[in-house]
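Comments concern the structure below.
Read-outs throughout are calculated quantities, based only on the coordinates presented, and are distinct from any laboratory measurement. Every value quoted in this text rests on a predicted model; they were computed, and no experiment measured them. Heads up, the Cβs are rebuilt from the backbone with ideal geometry, glycines too, and the neighbour counts pull from every protein chain shown.
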């Protein structure tokens, strides 16, 4: 945990425009700066940055917040890491104090990253500057990997024998104990260490933030295991890292899609042929964590499979993985006997992109695969229905549930309600309603939300409007729980300093809420002052009436309960209260106080 005062210092000394300009081009337009959003593909700039308020918001995809929120999304950092990154840019010293030993843990983690970086530099130097590296360079040449691609991905080579890495780490004064923790070397007795990667081409595995978290090694000749990855370490988990993501992330955002392949060399080959939006799993099948990571960059995730039986089985298994990761996904298939490396080299970029363009929704493929497995007999359809019902129970998006249900109905000829019951928790079964009965509540709910959003927007954009809100005796009781914390936060900011620090305000909320607050502040800028006055009064009047209607309803209920209990005293008290509420409601309509 970083001290609140230090966070405030970092935020006040930094320029959000400068920090964001490190990552994308911004152009001044009036009071704001505009640019193309890095979080979704767009041709017309809708990404807006306000230097004065210290916030950003994209009116295309809805993301927003302060400078820390931007870095958390862009580089996938934790909040403390984002604060530290901004602090480092402006030369501000930051210490964490979240628990005993926190500073020590942070320093230790940084030393592990540094050790990995130095090991990657050593392997890279051996590949390109040492006689032993010639064997690996010859192998890369035979595989068609160009030198510039090998350098772009910082490839290296671990010598076949000797104590090269151990000796290097000793010369650098780096901890051999840490190197053992990272799986770079092994301890074979007191003060005796052995190499783990030897005689292997080395592929550094880099996090989206650009830090080396682990290594993959491939033998040059025949040998087992053909590929060897770093062990699970404090920095590295195979099922939560993707090879090539650091190099591909900007292209992925630009083209709004990503292709997932299996091998390191597949990524290199595709990159070399201009398909620079490919990533690879690290010797494991696709995992839900992989999907969750990629969704941060694009929702168009295409898994590229071999066209043989093994590849098609892998595709069927991947459907459930995509669902667990929160997405339906798409699948593309190469001809039998081909992998991405061989195919792109023999057929070229256009041929491979043609296959990618023809990727099928994973759900459609999964239905077809199930039909192939179970057949179209009554018994087979029953088995398929059970499997689809089980899968549907995992899906969180109700629209996707509907689409899958209809797909199953069309394919199996089974009643939809037979698929749906397992999806609904007890007490949430669909109720029978008359046509149009649900329309009014939906419209009313949307209107109520609009009024409260308008109130918050006016408070953020026109601090003078807050005085109107403050005059209400208990404004927080007028606002629904959905926006109560935001209103409370704005009032707290105002009462402390006579102004609202929106950048500090959004810091106290979750990412989605911070985005909404930033959007409301920017949206209110275009409203003239005189119109804002009238809008504020309209909002408050509506909220007062809504509050009084609710109070009146509660009192009528209390009166009925008192009548049932024959409690005349309580009934009389509630009646007097009810009459006062009715009077206030009438006054609020007519403007008479």
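A few points about this structure:
- Neighbour counts of C-beta atoms inside 10 Å place 301, 275, 527 in the sequence 527, 275, 301, starting with the fewest.
- Cα long-axis angle, helix 4-13 against the chain (0 to 90 degrees, to the nearest 10): 80
- Between 0 and 90°, nearest 10: helix 378-392 axis offset from the chain longest Cα axis: 70
- Rg over Rh [alpha-carbon atoms, Kirkwood Rh] for region 102-236: 0.96
- Spin-label pair residue 342/residue 23, simplified geometry with 7 Å Cα→Cβ offset, distance in nm: 4.1
- Sequence-separation-based contact order of region 178-301, relative, with Cα cut under 8 Å and 6+ spacing, percent: 21
- DSSP-defined beta bridges in the chain - what % are antiparallel, rounded to 5: 75
- Residue ranges 488-495, 54-61 sort as 54-61, 488-495 when ordered by packing (mean number of other C-beta atoms within 10 Å per residue, highest first).
- Relative protection proxy for 556-569, 23-36, 73-86, from highest mean packing down: 73-86, 23-36, 556-569 (other beta-carbon atoms within 10 angstrom).
- Helical runs assigned H by DSSP (4 residues or longer) give the chain a calculated mean residue ellipticity at 222 nm of -17500 deg cm²/dmol, each run adding -39500 (n - 2.57) before division by the residue total.
- Here the spin labels are modelled as points 7 Å beyond Cα on the Cα-Cβ line, and at residue 1 and residue 125 they lie 4.3 nm apart.
- Ranked list, fewest to most other Cβ atoms within 10 Å of each Cβ, for 322, 198: 198, 322
- Sequence-distant contacts, meaning Cα pairs under 8 Å at least 6 residues apart, place the relative contact order of region 102-236 at 24 percent.
- Counting other Cβ atoms within 10 Å as a rough exposure proxy, the listed residues 7, 202 run 7, 202 from fewest neighbours to most.
- Contact order relative to length of the chain, as percent, for alpha carbon pairs under 8 angstrom and 6 or more apart: 10
- Between helix 568-590 and the chain: long-axis angle, C-alpha atoms, 0 to 90°, nearest 10: 80
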